[in-house]
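Heads up, the thing below is written out as structure tokens.
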Amino acid sequence: MSVVVIEFISLDGIVSDPDGSAGTPYGGWAFRHGPEAVAGDKFRLGRVLDEGVLLLGRTTWELFAGLWPGRDDPFAARMNAVPKLVVSRGTPDVSGWANSRLMEGDLADAVRAERRDVVVTGSLGVVAALREEDLVDEYRLLTFPVVLGQGRRLFPAGSEPAELECLSVERVGAAVLTRHGRAAR
């Protein structure tokens with residue numbers, strides 16, 4: 001089992017509001033490069049998505065639950081089919097998106113007990129909690145050629161240092177997909 005974090009990210013490390021749904025003044029920065037820049041399996045998840053589980057914070061889940069069920073393309077079919085675990089302090093109704101269920105118990109314990117690969121997208125609070133527990137095995141970052149100067153960063157000031165190694169680099173349309181994994185210990 002591995003934990004893979006996927007994020008749209010700016011050159012200055014901002015990951016918040018890539019689609020503009022949060023209504024921030026800088027929002028929509030990833031989507032300004034056209035739908036082909038963000039459509040399909042840009043993160044090269046393949047088998048990981050087909051055989052794994054998607055772990056989402058409640059806010060990201062709500063955004064995705066409003067988008068993916070209404071789409072009709074091969075990648076949407078994969079997103080709708082993948083089992084989804086929703087992290088929430090409350091008990092929201094997650095019946096609106098197929099194969100979704102609330103995660104029970106402690107986040108770190110649930111991830112450690114998971115037998116499938118875990119893909120985390122968006123959900124910065126979830127990512128931070130997993131990073132604090134040293135549970136992130138890989139970051140797949142789709143970096144767009146934009147500097148925002150404001151917004152939430154994937155690695156905010158004060159984050160614990162982490163040694164990573166570059167696994168691959170690939171141009172994907174207007175962006176660059178980089179894969180970074182744990183450095184050998």
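The values are calculated or read from the model by the stated rules, or taken from the named source; none is laboratory data. The structure presented is a predicted model; accordingly, all values stated were derived computationally and were not measured. Don't worry about glycine lacking a Cβ; one is built from the backbone with ideal geometry, like all the others, and counts go over all protein chains shown. Protein only, heavy atoms only, side chains kept; ligands, DNA and RNA dropped before computing areas. Shrake-Rupley method; radii C 1.70, N 1.55, O 1.52, S 1.80 Å.
I'm trying to understand the selection: among the residues of the stretch 127-178, which are closer than 24 Å to G27 by Cα, assigned to a strand (DSSP E or B) and open to solvent by 50 Å² or more (accessible area, probe 1.4 Å)?
Within the stretch 127-178, R153, R171, V176 meet the criteria.
Confirm whether R116 is open to solvent by 30 Å² or more (accessible area, probe 1.4 Å), touching a Pro at 6+ places or on another chain (Cβ under 9 Å) and more than 17 Å from E7 (Cα to Cα).
yes
Just the residues that are at pLDDT below 95 and under 25 Å from S10 (Cα atoms), please, taken from the stretch 97-125.
Correct list: T121, G122, S123, L124, G125.
For residues that are of a type in the set (V, I, T) and touching a residue at least 40 places away in the same chain (Cβ under 8 Å), tally how many sit in the stretch 158-178.
Number satisfying all stated conditions: 1.
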